[in-house]
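All remarks here apply to the structure that follows.
The values are calculated or read from the model by the stated rules, or taken from the named source; none is laboratory data. Just so we're clear, the structure is a prediction, and the values are computed from it rather than from any experiment. Neighbour counts run over all protein chains shown; Cβ positions are idealised from the backbone, glycine included. Ligands, DNA and RNA are stripped out before the accessible areas are found, and what is left, the full protein with its side chains, is counted by its heavy atoms. Shrake-Rupley method; radii C 1.70, N 1.55, O 1.52, S 1.80 Å.
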Amino acid sequence: LFFILSLDLESTPLSKLKMKPGDIEKLSFNIGNSLHVTRKNVVDLESLGNGQWRIVALKKGIVMLVEKTPSGEEVARYLVVVESKNNLKKGGLLSFDSSWLNALCKDKSISCDIEKNRISGKIDSWKQLYQLRKMCNLHEPCLFDVNLSSQGKSEFEAYLKNLVGSWFLIDVKENGRAILF
């Protein structure tokens, strides 16, 4: 059996991005275009609006990000290589990529105690809370004590109501967990 693979590398530009678990990158795309990922749970994508996207490396793997126009035409491809967390030094917060940790600790609502490996505070974004928790889990030991503000709880509850409709009562906790009953 023979397989013939034909790639037209000229038609779609390809860029490469190397990351480690916990790294965050912000990329700009054309406003109105969508971004698709070929494999789940390797990176997390969050639209920040106005063509800006936040990409968070979650675990080792290789994914392709594909930018598409509203009509479905492929505009660009981005190869994202997330290196193994085994390549990272153990040791809690000290093992975080310094650019990520610096960005996190500059936020006035977040407190980072590197000696005690503890991140604490309140934030408004439930999506950011989820990403922070995942990154903290990748860099054990890391004590995670970040909670949602009342605004964050309200936004998460509205998102869930939109998702499940009026069939359930929703109780969102400060830690970002939700109870549906």
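Tell me, please, whether a residue that is part of a helix (DSSP H, G or I), in contact with a Gly (Cβ under 8 Å, 6 or more places away or on another chain), at pLDDT below 85 and of a type in the set (Lys, Arg) can be found in region 127-135.
So far as region 127-135 goes, yes, one or more of its residues are part of a helix (DSSP H, G or I), in contact with a Gly (Cβ under 8 Å, 6 or more places away or on another chain), at pLDDT below 85 and of a type in the set (Lys, Arg).
Between SER98, SER111, which is at pLDDT below 75 and open to solvent by 50 Å² or more (accessible area, probe 1.4 Å)?
SER98
Please identify the pairs in which a residue from region 154-165 that is in a helix (DSSP H, G or I) has its Cβ atom under 9 Å from the Cβ atom of a residue that is open to solvent by 90 Å² or more (accessible area, probe 1.4 Å), counting only partners at least 6 apart or on another chain.
Close Cβ pairs (under 9 Å, with a partner that is open to solvent by 90 Å² or more (accessible area, probe 1.4 Å)) amount to LEU160/PHE168; LYS161/PHE168.
I want to confirm something. Restricting to region 153-178 and keeping residues that are open to solvent by 40 Å² or more (accessible area, probe 1.4 Å) and over 23 Å from GLY121 (Cβ atoms), which single residue is nearest to the chain's Cα centre (by Cα)?
Going through the qualifying residues, I end up with LEU163.
Would you please name the residue that is nearest to TYR130 (Cα to Cα), looking only at residues in region 42-84 that are charged (D, E, K, R), open to solvent by 50 Å² or more (accessible area, probe 1.4 Å) and out of contact with any Ser or Thr (no Cβ under 8 Å at 6 or more places or on another chain)?
The selected residue is LYS59.
Could you give every pair whose Cβ atoms fall below 7 Å, whose first residue belongs to region 19-36 and is of a type in the set (Asp, Glu), and whose second residue is assigned to a loop (DSSP other than H, G, I, E, B), counting only separations of at least 6 or pairs across chains?
Close Cβ pairs satisfying both conditions: ASP23/ASP97.
Can you tell me how many residues within region 129-152 are open to solvent by 50 Å² or more (accessible area, probe 1.4 Å) and either among the aromatic types (Phe, Trp, Tyr) or free of Cβ contacts under 8 Å to residues at least 24 places away in the same chain (or both)?
Looking only at that region, the number is 4.
Could you go through region 72-95 and let me know if any residue there is modelled with pLDDT of 80 or more, of a type in the set (S, T, N, Q) and more than 13 Å from the chain's Cα centre (by Cα).
No, because not a single residue in region 72-95 is modelled with pLDDT of 80 or more, of a type in the set (S, T, N, Q) and more than 13 Å from the chain's Cα centre (by Cα).
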